Amino acid sequence: MIRRSPVRVVFVAPFFFPATLRFLDAVASLPGVPVAVVSQAPLAKLPEVIRRKVSGHYRVEDALNAGQLANAVKFLARQMSGVERLFGALEHLQVALGQVRDHLGIPGISEKAARNFRDKAQMKGILRANGLPCARHGRATSMGEARAIAAEIGLPVVIKPPEGAGAVATYRVSNGEELRRALIASAPGPDRPIVIEEFVSGRENSLETVCIRGRPVWDSHTRYTPAPLQVLETPWIQWTVLLPREEHDGDTELIRRPARAALEVLGMHTGLTHLEWFRTERGPAISEVAARPPGAQIVPLNSYAHEADFHHLWARLMVHEEFEPPVRKYSTGVAFFRGQSLGRIGERGGAGRIIALRGLDRAQDELGHLVVEANLPKLGRNKQPTYEGDGYAILRHPDTGVVEKALQRLVSLVQVEVA
Ligand SMILES: Nc1ncnc2c1ncn2[C@@H]1O[C@H](COP(=O)(O)OP(=O)(O)O)[C@@H](O)[C@H]1O
Ligand SMILES: [Mg+2]
(Lines give C-alpha, C1' and ligand atoms only; values in the text may rest on other atoms or scores of the structure.)
(Ligands and ions follow the chains in the order given, each with its own letter.)
Protein backbone atom coordinates (compact mmCIF):
# COMPACT_ATOMS: atom_id res chain seq x y z
CA MET A 1 0.00 0.00 0.00
CA ILE A 2 1.22 3.47 -0.90
CA ARG A 3 1.60 5.76 2.09
CA ARG A 4 0.40 9.28 1.38
CA SER A 5 2.30 12.26 2.72
CA PRO A 6 0.08 14.09 5.22
CA VAL A 7 -2.46 16.51 3.83
CA ARG A 8 -3.76 18.97 6.41
CA VAL A 9 -6.75 21.04 5.41
CA VAL A 10 -8.22 24.39 6.38
CA PHE A 11 -11.81 24.70 5.16
CA VAL A 12 -13.40 28.16 5.17
CA ALA A 13 -17.16 28.29 5.77
CA PRO A 14 -18.33 31.75 6.90
CA PHE A 15 -21.73 30.40 7.96
CA PHE A 16 -22.96 26.85 8.32
CA PHE A 17 -25.60 26.75 5.60
CA PRO A 18 -26.89 23.31 4.54
CA ALA A 19 -25.12 23.35 1.14
CA THR A 20 -21.80 24.39 2.77
CA LEU A 21 -22.17 21.74 5.46
CA ARG A 22 -22.47 18.98 2.87
CA PHE A 23 -19.12 19.98 1.37
CA LEU A 24 -17.50 20.42 4.77
CA ASP A 25 -18.82 17.09 6.04
CA ALA A 26 -17.41 15.31 2.98
CA VAL A 27 -13.97 16.85 3.54
CA ALA A 28 -13.99 16.19 7.30
CA SER A 29 -15.00 12.56 6.65
CA LEU A 30 -11.91 11.72 4.56
CA PRO A 31 -9.94 9.16 6.52
CA GLY A 32 -6.64 10.31 7.96
CA VAL A 33 -7.05 13.95 6.91
CA PRO A 34 -6.97 16.56 9.70
CA VAL A 35 -9.47 19.32 8.85
CA ALA A 36 -9.73 22.66 10.64
CA VAL A 37 -12.55 25.12 10.03
CA VAL A 38 -12.50 28.91 9.77
CA SER A 39 -15.91 30.52 10.20
CA GLN A 40 -17.70 33.67 11.23
CA ALA A 41 -20.37 31.61 12.95
CA PRO A 42 -19.44 30.23 16.38
CA LEU A 43 -18.25 26.61 16.54
CA ALA A 44 -21.31 25.78 18.65
CA LYS A 45 -23.46 26.33 15.53
CA LEU A 46 -21.66 23.53 13.68
CA PRO A 47 -23.78 20.36 13.94
CA GLU A 48 -22.33 17.94 16.47
CA VAL A 49 -21.85 15.13 13.91
CA ILE A 50 -19.48 17.31 11.91
CA ARG A 51 -17.89 19.03 14.94
CA ARG A 52 -16.65 15.64 16.12
CA LYS A 53 -14.77 15.19 12.85
CA VAL A 54 -12.91 18.53 12.77
CA SER A 55 -9.57 18.93 14.45
CA GLY A 56 -9.48 22.71 14.89
CA HIS A 57 -11.48 25.88 14.59
CA TYR A 58 -10.77 29.60 14.34
CA ARG A 59 -13.44 32.27 14.36
CA VAL A 60 -13.00 35.43 12.27
CA GLU A 61 -15.10 38.59 12.07
CA ASP A 62 -14.97 38.66 8.29
CA ALA A 63 -14.04 35.59 6.27
CA LEU A 64 -13.66 37.69 3.11
CA ASN A 65 -10.84 39.68 4.72
CA ALA A 66 -7.54 38.15 3.55
CA GLY A 67 -5.60 39.49 6.55
CA GLN A 68 -7.97 37.89 9.04
CA LEU A 69 -8.00 34.66 7.04
CA ALA A 70 -4.20 34.57 6.93
CA ASN A 71 -4.02 34.96 10.73
CA ALA A 72 -6.53 32.16 11.16
CA VAL A 73 -4.63 29.84 8.82
CA LYS A 74 -1.29 30.61 10.51
CA PHE A 75 -2.81 29.83 13.91
CA LEU A 76 -4.28 26.53 12.69
CA ALA A 77 -1.07 25.63 10.84
CA ARG A 78 0.82 25.89 14.14
CA GLN A 79 -1.77 23.64 15.79
CA MET A 80 -1.68 21.04 13.00
CA SER A 81 2.07 21.42 12.29
CA GLY A 82 1.33 22.52 8.72
CA VAL A 83 -1.40 23.19 6.15
CA GLU A 84 -1.29 21.79 2.61
CA ARG A 85 -4.82 22.72 1.45
CA LEU A 86 -6.92 25.84 1.93
CA PHE A 87 -10.32 26.05 0.27
CA GLY A 88 -14.04 26.66 0.59
CA ALA A 89 -17.02 26.16 -1.67
CA LEU A 90 -18.44 29.70 -1.75
CA GLU A 91 -18.01 32.05 -4.69
CA HIS A 92 -17.37 35.18 -2.61
CA LEU A 93 -14.41 33.58 -0.78
CA GLN A 94 -12.35 32.67 -3.79
CA VAL A 95 -10.18 35.80 -4.13
CA ALA A 96 -9.35 35.99 -0.40
CA LEU A 97 -8.46 32.26 -0.45
CA GLY A 98 -6.13 32.87 -3.41
CA GLN A 99 -4.45 35.77 -1.59
CA VAL A 100 -3.80 33.69 1.51
CA ARG A 101 -2.54 30.71 -0.51
CA ASP A 102 -0.09 32.98 -2.34
CA HIS A 103 0.99 34.63 0.92
CA LEU A 104 1.57 31.37 2.80
CA GLY A 105 2.81 29.26 -0.12
CA ILE A 106 -0.15 26.84 -0.11
CA PRO A 107 -0.75 25.14 -3.48
CA GLY A 108 -3.98 25.85 -5.35
CA ILE A 109 -5.60 28.66 -7.34
CA SER A 110 -3.62 31.90 -7.07
CA GLU A 111 -5.10 35.31 -6.31
CA LYS A 112 -4.53 36.34 -9.92
CA ALA A 113 -6.46 33.36 -11.29
CA ALA A 114 -9.19 33.74 -8.65
CA ARG A 115 -9.72 37.35 -9.82
CA ASN A 116 -9.95 36.19 -13.43
CA PHE A 117 -12.85 33.96 -12.40
CA ARG A 118 -14.46 36.44 -10.03
CA ASP A 119 -14.46 39.64 -12.08
CA LYS A 120 -16.84 39.24 -15.02
CA ALA A 121 -15.30 42.08 -17.06
CA GLN A 122 -11.73 40.86 -16.55
CA MET A 123 -12.84 37.30 -17.36
CA LYS A 124 -14.47 38.32 -20.63
CA GLY A 125 -11.48 40.49 -21.54
CA ILE A 126 -9.19 37.46 -21.22
CA LEU A 127 -11.60 35.16 -23.07
CA ARG A 128 -11.94 37.59 -26.00
CA ALA A 129 -8.20 38.24 -26.13
CA ASN A 130 -7.78 34.48 -26.55
CA GLY A 131 -10.37 34.28 -29.31
CA LEU A 132 -12.96 32.50 -27.15
CA PRO A 133 -16.61 33.26 -27.85
CA CYS A 134 -18.42 35.52 -25.35
CA ALA A 135 -20.53 38.66 -25.25
CA ARG A 136 -19.02 42.02 -26.17
CA HIS A 137 -18.75 44.02 -22.99
CA GLY A 138 -17.34 47.04 -21.21
CA ARG A 139 -16.79 48.25 -17.68
CA ALA A 140 -18.07 51.67 -16.63
CA THR A 141 -17.46 53.83 -13.57
CA SER A 142 -19.84 56.67 -14.49
CA MET A 143 -23.25 57.16 -16.09
CA GLY A 144 -21.64 58.81 -19.12
CA GLU A 145 -19.22 55.96 -19.68
CA ALA A 146 -22.02 53.43 -19.25
CA ARG A 147 -24.19 55.21 -21.84
CA ALA A 148 -21.28 55.37 -24.28
CA ILE A 149 -20.57 51.64 -23.91
CA ALA A 150 -24.28 50.75 -24.28
CA ALA A 151 -24.45 52.90 -27.43
CA GLU A 152 -21.36 51.26 -28.87
CA ILE A 153 -22.60 47.72 -28.17
CA GLY A 154 -26.18 48.59 -29.17
CA LEU A 155 -29.35 47.65 -27.25
CA PRO A 156 -30.41 45.23 -25.89
CA VAL A 157 -27.69 44.93 -23.25
CA VAL A 158 -27.37 43.41 -19.78
CA ILE A 159 -26.13 45.58 -16.90
CA LYS A 160 -24.71 43.88 -13.82
CA PRO A 161 -22.14 44.20 -11.05
CA PRO A 162 -18.65 42.81 -11.94
CA GLU A 163 -18.69 40.47 -8.95
CA GLY A 164 -22.37 39.58 -8.67
CA ALA A 165 -24.01 36.25 -7.99
CA GLY A 166 -27.51 34.86 -8.26
CA ALA A 167 -28.38 37.45 -10.94
CA VAL A 168 -28.75 40.07 -8.20
CA ALA A 169 -28.80 43.66 -9.56
CA THR A 170 -28.73 42.26 -13.09
CA TYR A 171 -30.91 44.08 -15.65
CA ARG A 172 -31.89 43.43 -19.22
CA VAL A 173 -32.10 46.79 -21.00
CA SER A 174 -33.99 47.03 -24.29
CA ASN A 175 -34.73 50.76 -24.63
CA GLY A 176 -33.67 54.20 -23.46
CA GLU A 177 -36.09 54.29 -20.52
CA GLU A 178 -34.90 50.90 -19.22
CA LEU A 179 -31.32 52.09 -19.60
CA ARG A 180 -32.09 55.20 -17.55
CA ARG A 181 -33.74 53.12 -14.81
CA ALA A 182 -31.02 50.45 -14.74
CA LEU A 183 -28.31 53.12 -14.48
CA ILE A 184 -30.10 54.83 -11.60
CA ALA A 185 -30.49 51.49 -9.82
CA SER A 186 -26.90 50.36 -10.37
CA ALA A 187 -25.42 53.86 -9.74
CA PRO A 188 -21.97 53.37 -11.33
CA GLY A 189 -19.09 55.30 -9.75
CA PRO A 190 -15.31 55.08 -9.27
CA ASP A 191 -15.81 52.65 -6.37
CA ARG A 192 -18.81 50.99 -7.95
CA PRO A 193 -17.99 49.76 -11.45
CA ILE A 194 -20.67 48.07 -13.53
CA VAL A 195 -20.44 45.72 -16.49
CA ILE A 196 -22.44 46.31 -19.67
CA GLU A 197 -22.76 43.32 -21.99
CA GLU A 198 -24.30 42.60 -25.33
CA PHE A 199 -27.52 40.63 -24.69
CA VAL A 200 -26.98 37.08 -25.91
CA SER A 201 -30.05 35.11 -27.04
CA GLY A 202 -29.86 31.38 -26.85
CA ARG A 203 -30.46 28.40 -24.60
CA GLU A 204 -28.58 28.73 -21.34
CA ASN A 205 -26.58 25.74 -20.14
CA SER A 206 -23.84 24.79 -17.73
CA LEU A 207 -20.71 22.70 -18.03
CA GLU A 208 -19.04 21.36 -14.89
CA THR A 209 -15.39 20.38 -15.33
CA VAL A 210 -13.00 18.55 -13.02
CA CYS A 211 -9.39 19.71 -13.36
CA ILE A 212 -6.33 18.31 -11.67
CA ARG A 213 -3.46 20.80 -11.61
CA GLY A 214 -4.93 22.55 -14.62
CA ARG A 215 -5.61 19.38 -16.63
CA PRO A 216 -9.30 18.71 -17.40
CA VAL A 217 -10.20 15.09 -16.62
CA TRP A 218 -14.00 14.98 -16.62
CA ASP A 219 -17.09 17.06 -17.35
CA SER A 220 -20.85 17.00 -17.14
CA HIS A 221 -23.47 19.38 -18.51
CA THR A 222 -26.94 20.71 -17.65
CA ARG A 223 -29.66 22.66 -19.45
CA TYR A 224 -31.47 25.55 -17.78
CA THR A 225 -35.16 26.14 -18.56
CA PRO A 226 -35.63 29.03 -18.85
CA ALA A 227 -32.62 31.35 -18.35
CA PRO A 228 -32.18 32.56 -14.73
CA LEU A 229 -32.69 36.21 -15.72
CA GLN A 230 -36.00 35.34 -17.36
CA VAL A 231 -37.05 33.51 -14.19
CA LEU A 232 -36.39 36.64 -12.13
CA GLU A 233 -38.15 38.88 -14.65
CA THR A 234 -41.27 36.70 -14.62
CA PRO A 235 -42.73 36.13 -11.14
CA TRP A 236 -44.77 33.02 -11.98
CA ILE A 237 -42.02 31.10 -13.77
CA GLN A 238 -40.44 28.22 -11.83
CA TRP A 239 -36.92 27.29 -12.85
CA THR A 240 -35.72 23.81 -13.87
CA VAL A 241 -32.28 22.30 -14.50
CA LEU A 242 -31.89 19.09 -16.50
CA LEU A 243 -28.85 16.82 -16.42
CA PRO A 244 -29.03 14.57 -19.51
CA ARG A 245 -28.10 10.93 -19.28
CA GLU A 246 -25.96 11.32 -22.40
CA GLU A 247 -22.45 12.27 -21.37
CA HIS A 248 -21.67 13.42 -24.90
CA ASP A 249 -24.21 15.16 -27.09
CA GLY A 250 -24.54 18.18 -29.37
CA ASP A 251 -24.04 20.52 -26.42
CA THR A 252 -20.80 18.98 -25.14
CA GLU A 253 -19.61 18.82 -28.74
CA LEU A 254 -20.00 22.59 -29.00
CA ILE A 255 -18.74 23.74 -25.63
CA ARG A 256 -16.06 21.33 -24.45
CA ARG A 257 -13.18 22.73 -26.47
CA PRO A 258 -13.82 26.43 -25.75
CA ALA A 259 -14.62 25.63 -22.11
CA ARG A 260 -11.34 23.81 -21.61
CA ALA A 261 -9.45 26.59 -23.35
CA ALA A 262 -11.22 29.12 -21.07
CA LEU A 263 -10.19 27.22 -17.94
CA GLU A 264 -6.62 27.17 -19.15
CA VAL A 265 -6.34 30.87 -19.97
CA LEU A 266 -8.09 31.89 -16.74
CA GLY A 267 -5.61 29.83 -14.73
CA MET A 268 -7.57 26.90 -13.29
CA HIS A 269 -5.67 24.58 -10.93
CA THR A 270 -7.44 21.71 -9.11
CA GLY A 271 -11.19 21.65 -8.56
CA LEU A 272 -14.68 21.38 -9.97
CA THR A 273 -15.68 24.43 -12.02
CA HIS A 274 -19.08 25.72 -13.08
CA LEU A 275 -19.23 27.33 -16.51
CA GLU A 276 -22.40 28.90 -17.91
CA TRP A 277 -22.88 29.33 -21.64
CA PHE A 278 -25.44 30.13 -24.30
CA ARG A 279 -26.19 27.99 -27.31
CA THR A 280 -26.85 30.65 -29.93
CA GLU A 281 -27.62 30.39 -33.64
CA ARG A 282 -23.99 31.26 -34.32
CA GLY A 283 -22.52 28.71 -31.90
CA PRO A 284 -21.58 28.70 -28.23
CA ALA A 285 -20.99 31.86 -26.18
CA ILE A 286 -19.38 31.52 -22.77
CA SER A 287 -21.33 33.48 -20.16
CA GLU A 288 -19.23 33.07 -17.01
CA VAL A 289 -17.00 30.56 -15.24
CA ALA A 290 -16.76 30.00 -11.50
CA ALA A 291 -13.76 28.27 -9.91
CA ARG A 292 -15.91 26.47 -7.36
CA PRO A 293 -18.55 23.75 -7.39
CA PRO A 294 -21.95 24.63 -8.87
CA GLY A 295 -25.01 25.57 -6.84
CA ALA A 296 -28.58 24.97 -8.06
CA GLN A 297 -28.49 21.36 -6.79
CA ILE A 298 -26.15 20.41 -9.66
CA VAL A 299 -23.85 18.48 -7.29
CA PRO A 300 -26.75 16.32 -5.98
CA LEU A 301 -28.02 15.95 -9.57
CA ASN A 302 -24.66 14.40 -10.43
CA SER A 303 -24.74 12.19 -7.34
CA TYR A 304 -28.14 10.77 -8.29
CA ALA A 305 -27.25 10.44 -11.98
CA HIS A 306 -24.11 8.45 -11.24
CA GLU A 307 -25.18 6.77 -8.00
CA ALA A 308 -21.99 8.20 -6.55
CA ASP A 309 -21.51 10.74 -3.78
CA PHE A 310 -20.19 13.82 -5.60
CA HIS A 311 -19.56 15.68 -2.35
CA HIS A 312 -17.15 12.89 -1.44
CA LEU A 313 -15.62 12.85 -4.94
CA TRP A 314 -15.11 16.63 -4.71
CA ALA A 315 -13.50 16.31 -1.28
CA ARG A 316 -11.04 13.70 -2.60
CA LEU A 317 -10.32 15.84 -5.62
CA MET A 318 -9.57 18.92 -3.51
CA VAL A 319 -7.53 17.09 -0.90
CA HIS A 320 -5.79 14.21 -2.72
CA GLU A 321 -6.03 15.55 -6.31
CA GLU A 322 -7.68 12.30 -7.39
CA PHE A 323 -10.82 11.75 -9.43
CA GLU A 324 -12.14 8.48 -10.80
CA PRO A 325 -14.95 9.23 -13.26
CA PRO A 326 -18.11 7.35 -12.25
CA VAL A 327 -20.48 5.80 -14.80
CA ARG A 328 -23.65 7.75 -15.53
CA LYS A 329 -26.78 5.63 -15.20
CA TYR A 330 -29.61 8.15 -15.20
CA SER A 331 -30.79 11.52 -16.32
CA THR A 332 -31.76 13.77 -13.40
CA GLY A 333 -33.38 17.15 -13.05
CA VAL A 334 -34.48 19.64 -10.45
CA ALA A 335 -37.62 21.78 -10.37
CA PHE A 336 -37.48 24.84 -8.12
CA PHE A 337 -40.79 25.83 -6.54
CA ARG A 338 -41.32 29.54 -6.27
CA GLY A 339 -43.92 31.52 -4.42
CA GLN A 340 -46.38 33.67 -6.37
CA SER A 341 -49.48 35.70 -5.56
CA LEU A 342 -52.32 33.96 -7.35
CA GLY A 343 -55.15 36.26 -6.25
CA ARG A 344 -55.16 39.33 -8.42
CA ILE A 345 -54.22 39.25 -12.07
CA GLY A 346 -51.28 41.53 -12.74
CA GLU A 347 -50.00 41.11 -9.19
CA ARG A 348 -48.30 37.78 -9.41
CA GLY A 349 -44.93 38.68 -7.95
CA GLY A 350 -44.05 40.59 -4.85
CA ALA A 351 -43.10 39.58 -1.35
CA GLY A 352 -45.20 37.74 1.18
CA ARG A 353 -45.59 34.57 3.16
CA ILE A 354 -46.26 31.13 1.76
CA ILE A 355 -49.88 30.27 2.54
CA ALA A 356 -50.60 27.19 0.40
CA LEU A 357 -49.05 24.55 -1.83
CA ARG A 358 -51.37 23.57 -4.67
CA GLY A 359 -51.25 20.65 -7.07
CA LEU A 360 -49.09 18.40 -4.88
CA ASP A 361 -51.48 15.41 -4.81
CA ARG A 362 -51.81 15.37 -8.56
CA ALA A 363 -48.05 15.78 -8.97
CA GLN A 364 -47.48 12.92 -6.54
CA ASP A 365 -49.88 10.65 -8.48
CA GLU A 366 -48.35 11.42 -11.86
CA LEU A 367 -44.68 11.90 -11.05
CA GLY A 368 -44.10 10.58 -7.53
CA HIS A 369 -42.30 7.51 -8.86
CA LEU A 370 -39.59 9.72 -10.38
CA VAL A 371 -38.87 11.79 -7.25
CA VAL A 372 -35.62 10.97 -5.43
CA GLU A 373 -35.45 14.03 -3.15
CA ALA A 374 -37.87 16.79 -2.25
CA ASN A 375 -37.61 19.83 -0.04
CA LEU A 376 -41.03 21.43 -0.22
CA PRO A 377 -41.71 25.11 0.50
CA LYS A 378 -42.66 25.60 4.17
CA LEU A 379 -45.99 27.19 4.98
CA GLY A 380 -45.61 30.47 6.86
CA ARG A 381 -42.09 31.19 5.56
CA ASN A 382 -41.31 34.37 3.65
CA LYS A 383 -41.02 33.96 -0.11
CA GLN A 384 -37.39 34.02 -1.28
CA PRO A 385 -36.40 36.59 -3.93
CA THR A 386 -34.11 34.18 -5.84
CA TYR A 387 -34.59 32.04 -8.94
CA GLU A 388 -34.05 28.97 -6.77
CA GLY A 389 -37.21 29.95 -4.94
CA ASP A 390 -38.62 28.29 -1.85
CA GLY A 391 -38.13 24.56 -2.34
CA TYR A 392 -37.33 21.91 -4.92
CA ALA A 393 -37.80 18.35 -6.09
CA ILE A 394 -35.20 16.19 -7.81
CA LEU A 395 -36.37 13.66 -10.41
CA ARG A 396 -34.55 10.74 -11.96
CA HIS A 397 -35.11 8.28 -14.82
CA PRO A 398 -32.81 6.46 -17.27
CA ASP A 399 -34.43 8.31 -20.19
CA THR A 400 -33.55 12.03 -20.54
CA GLY A 401 -36.81 12.73 -22.41
CA VAL A 402 -38.85 11.39 -19.49
CA VAL A 403 -37.09 13.66 -16.99
CA GLU A 404 -37.32 16.66 -19.30
CA LYS A 405 -41.09 16.28 -19.73
CA ALA A 406 -41.68 15.47 -16.07
CA LEU A 407 -39.86 18.65 -14.95
CA GLN A 408 -42.11 20.83 -17.09
CA ARG A 409 -45.20 18.94 -15.94
CA LEU A 410 -44.14 19.33 -12.31
CA VAL A 411 -43.70 23.10 -12.49
CA SER A 412 -47.03 23.41 -14.29
CA LEU A 413 -48.83 21.37 -11.59
CA VAL A 414 -47.30 22.70 -8.39
CA GLN A 415 -48.07 26.26 -7.32
CA VAL A 416 -46.78 27.95 -4.20
CA GLU A 417 -49.26 30.58 -3.12
CA VAL A 418 -48.01 33.67 -1.36
CA ALA A 419 -50.05 36.40 0.33
N1 LIG B 1 -24.86 39.02 -21.73
C2 LIG B 1 -25.97 38.37 -21.35
N3 LIG B 1 -26.93 38.04 -22.27
C4 LIG B 1 -28.07 37.42 -21.89
N5 LIG B 1 -28.35 37.09 -20.61
C6 LIG B 1 -27.44 37.37 -19.67
C7 LIG B 1 -26.20 38.01 -19.97
N8 LIG B 1 -25.50 38.17 -18.82
C9 LIG B 1 -26.27 37.65 -17.85
N10 LIG B 1 -27.42 37.16 -18.34
C11 LIG B 1 -28.51 36.51 -17.58
O12 LIG B 1 -28.39 36.88 -16.22
C13 LIG B 1 -28.08 35.75 -15.39
C14 LIG B 1 -27.08 36.13 -14.32
O15 LIG B 1 -25.90 36.63 -14.91
P16 LIG B 1 -24.50 35.97 -14.64
O17 LIG B 1 -23.51 36.69 -15.50
O18 LIG B 1 -24.59 34.49 -14.78
O19 LIG B 1 -24.20 36.40 -13.14
P20 LIG B 1 -24.38 35.65 -11.73
O21 LIG B 1 -24.94 34.29 -11.98
O22 LIG B 1 -22.99 35.61 -11.18
O23 LIG B 1 -25.28 36.58 -10.99
C24 LIG B 1 -27.59 34.70 -16.36
O25 LIG B 1 -27.84 33.40 -15.86
C26 LIG B 1 -28.40 35.00 -17.60
O27 LIG B 1 -29.72 34.44 -17.53
MG1 LIG C 1 -24.40 32.96 -13.39
Legend entry - Computed helical MRE - 222 nm, the chain, DSSP H runs ≥ 4 contributing -39500 (n - 2.57), nearest 500: -10500 deg cm²/dmol
Inset, instruction - Output the relative contact order of the chain, whole-number percent, from Cα pairs under 8 angstrom with separation of 6+ residues. - result: 13
Legend entry - Label-to-label distance, nm, for residues given as Asp365 and Asp399 (7 Å Cα→Cβ offset): 2.2
Inset, instruction - Beta carbons within 10 angstrom, averaged per residue: use that to sort the peptides 220-231, 182-193, highest first. - result: 220-231, 182-193
Inset, instruction - List every residue whose amide H lies under 5 Å from the amide H of Gly88, counting only residues 5 or more places away in sequence or on a different chain, with H placed 1.01 Å from N in the peptide plane. - result: Val12
Legend entry - Fully extended contour minus Cα-Cα distance, from Arg358 to Arg128, at 0.36 nm per residue: 78.1 nm
Inset, instruction - Can you tell me the FRET efficiency between Thr386 and Arg181 if r is taken as the Cβ-Cβ distance and R0 is 22 Å, rounded to the nearest 0.05? - result: 0.55
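Using DSSP to call loops (not H, G, I, E or B), can you name the trypsin sites (Lys or Arg not before Pro) in the range 107-165 whose Cβ has at most 15 other Cβ atoms within 10 angstrom?
Numbers: sites: Lys112, Arg115, Arg118, Lys120, Lys124, Arg128, Arg136, Arg139, Arg147; in loops: Arg136.
Taking the range 107-165 and a limit of 15 other Cβ atoms within 10 Å, the loop trypsin sites (Lys or Arg not before Pro) found are Arg136.
Might you report the magnitude of the Cβ-based charge dipole of the range 335-419 about its Cα centre, with Lys and Arg at +1 and Asp and Glu at -1, to the nearest 20 debye? Walk me through the numbers before you get to the answer.
Details: 12 positive and 10 negative charges, 71 e Å.
Once rounded to the nearest 20, the dipole reads 340 debye.
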Inset, instruction - Determine which aspartates and glutamates satisfy two conditions relative to Lys112: a Cα distance under 16 Å, and not lying fewer than 8 residues away in the same chain. - result: Glu91, Asp102, Glu163, Glu264
Inset, instruction - Amide H neighbours of Ala356 under 5 Å, at least 5 residues apart or on other chains, H built in the peptide plane: list them. - result: Glu417
Legend entry - Relative frequency of Cα-Cα separations exceeding 20 Å in the range 136-198, percent: 10
Inset, instruction - Kindly write out, for the range 143-156 in residue order, the coupling ³J(HN,Hα) from the Karplus curve 6.51 cos²θ - 1.76 cosθ + 1.60 (θ = phi - 60°), rounded to whole Hz, with x marking Gly and Pro. - result: 4, x, 5, 4, 5, 5, 5, 4, 5, 5, 6, x, 6, x
Inset, instruction - Just the number, please: carbon plus sulfur as a percent of the accessible area of the chain, 1.4 Å probe, no ligands or DNA/RNA counted. - result: 51
Inset, instruction - Rounded to whole Hz and in sequence order, give me ³J(HN,Hα) for the range 302-316 from the Karplus expression 6.51 cos²θ - 1.76 cosθ + 1.60, θ = phi - 60°, writing x for Gly and Pro. - result: 5, 4, 5, 5, 9, 6, 9, 7, 6, 5, 5, 4, 5, 4, 5
Legend entry - Volume per residue of the C-alpha convex hull in the range 9-117, rounded to whole Å³: 90
Inset, instruction - Find which of Gln40, Ala291, Val403 sits farthest along the positive direction of the dipole of the chain, computed with +1 on the beta-carbon of Lys and Arg, -1 on that of Asp and Glu, about the Cα centre. - result: Gln40
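For the range 136-198, with only Lys/Arg (+1) and Asp/Glu (-1) charged at the beta-carbon, what is the dipole magnitude about the Cα centre, in debye rounded to 20?
Values: 8 positive and 8 negative charges, 17 e Å.
The calculated dipole for the range 136-198 is roughly 80 debye.
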Legend entry - Karplus-derived HN-Hα couplings along the range 169-185 (A = 6.51, B = -1.76, C = 1.60, θ = phi - 60°), whole Hz, x at Gly and Pro: 6, 10, 10, 8, 10, 10, 8, x, 5, 5, 5, 4, 5, 5, 6, 5, 5
Inset, instruction - Evaluate the distance, in nm, between pseudo-label points positioned 7 Å from the Cα of Leu376 and of Lys112 along their respective Cα→Cβ axes. - result: 5.4
Legend entry - Average accessible surface area per residue within the chain, 1.4 Å rolling probe, Å²: 45
Inset, instruction - Sort out for me the Cα centre separation of the range 146-211 from the range 262-322, rounded to whole Å. - result: 24
Inset, instruction - DSSP loop (so not H, G, I, E, B), at most 14 other Cβ within 10 Å: list which chymotrypsin sites (Phe, Trp or Tyr not before Pro) in the range 1-88 pass both filters. - result: Phe15
Inset, instruction - Straight distance only, please: which lysines reach the Cα of Lys329 with their own Cα at less than 20 Å, same-chain residues fewer than 8 apart left out? - result: Lys405
Inset, instruction - Would you calculate the volume per residue, in Å³, of the smallest convex hull containing every Cα atom of the chain? - result: 158
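The values are calculated or read from the model by the stated rules, or taken from the named source; none is laboratory data. Just so we're clear, the structure is a prediction, and the values are computed from it rather than from any experiment. Note: ideal-geometry Cβ built from the backbone for every residue, glycine included; neighbour counts use all protein chains shown. These accessible areas exclude ligands, DNA and RNA; they are computed on the full protein's heavy atoms, side chains included. Shrake-Rupley method; radii C 1.70, N 1.55, O 1.52, S 1.80 Å.
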